[in-house]
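What follows is a short report on a single structure.
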Amino acid sequence: ERLNDLNFAFTIIFCVEMVLKIVGQGIHMYLNDTMNYLDGSVVILSIVELAFLSDSGGALSAFRAVRIFRTFRVLRVARLLRSMQSMQVIIGVIGRSISSFVYLALLMLIFIFIYSLMGMQLFGGIYNNFPEDKPR
């Protein structure tokens, strides 16, 4: 019940934000920013969710998949990353270091595979001596 109330409150806040941006910037300036497409789609999907998924119980089950799009609200934080120069540098470094991490992860996987094979060869069958054929 409380989550539904919070969902309703955030949907109203996002709707008011979108309307104020459209009124303040104008529709053409609003549509020039690509992040506003994400914001607008999140708001529209939230409104669709409120309209079709009310607590009346008569909602179509196909519209329940709209709830998955709630997670796109988190992507709104990505707007903040555009304006912060230091954050852009950090994200660039992380992006460049991911390729090195893949090679390190593959190397670790090979070591784990080799040591698991060695363990199976060394200890395989040693611990099968259970009294009365019952494991501990």
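What to note about this one:
- Taking the listed residues Gly26, Gly40, the one that is at pLDDT 85 or above, open to solvent by less than 60 Å² (accessible area, probe 1.4 Å) and on the phi > 0 side of the Ramachandran plot is Gly26, with no other qualifying.
- Every residue from region 32-54 that is assigned to a helix (DSSP H, G or I), among the hydroxyl-bearing types (Ser, Thr, Tyr) and without any contact (Cβ under 8 Å) to a residue 24 or more places away in the chain: Tyr37
- Residue match in region 46-53 (condition: surrounded by fewer than 10 Cβ atoms within 10 Å (Cβ to Cβ), at pLDDT below 85 and among the β-branched types (Val, Ile, Thr)): no
- Any hit, region 120-129, residues being modelled with pLDDT of 80 or more, surrounded by 10 or more Cβ atoms within 10 Å (Cβ to Cβ) and part of a helix (DSSP H, G or I): yes
The values are calculated or read from the model by the stated rules, or taken from the named source; none is laboratory data. Here the structure is a predicted model, which means the values were calculated and not measured. Note: ideal-geometry Cβ built from the backbone for every residue, glycine included; neighbour counts use all protein chains shown. Remember, those area values only see protein heavy atoms, side chains included, never the ligands or the DNA or RNA. Shrake-Rupley method; radii C 1.70, N 1.55, O 1.52, S 1.80 Å.
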